[in-house]
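K.L.:
My questions will all concern the structure given below.
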Amino acid sequence: MPEARSRGQRVTIDLQDSRTSSAFWEITSFGYRQYVPCLRWKQGEYKAVSLVSNGARDLITPLIEIPEKGFDFETWADKKTIDEHLKPVASG
């Protein structure tokens, strides 16, 4: 069974399950002209993607990595909750 690992987290995709299998292959199947840049989603990357022309937009599918939410070592707690951290990305 294929696995994807990201900074200590493991995501498992069951390709035997028809519900996830068809969605997985539909998402990961691109033509030879499709460009898939891996972007660490910060302000500069967000601005660059928003400025891409409509013609070029059809040819790219960005793979977005959300930066870590940060940790406050003085209070020994996360700087933000996961909802606070993802709100700017999810609301856009």
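K.L.:
Below 19 Å, Cα to Cα, which lysines can Lys47 reach? Residues fewer than 8 away in the same chain don't count.
P.N.:
Lys87
K.L.:
Next up: Reachable lysines from Lys80, Cα under 18 Å, same-chain residues fewer than 8 places away excluded?
P.N.:
Hits, sequence-local ones excluded: Lys42, Lys69.
Values quoted throughout were computed directly from the atomic coordinates according to the rules given, and no laboratory measurement underlies them. Computed from a prediction, not measured in an experiment: that's the story for all the values here.
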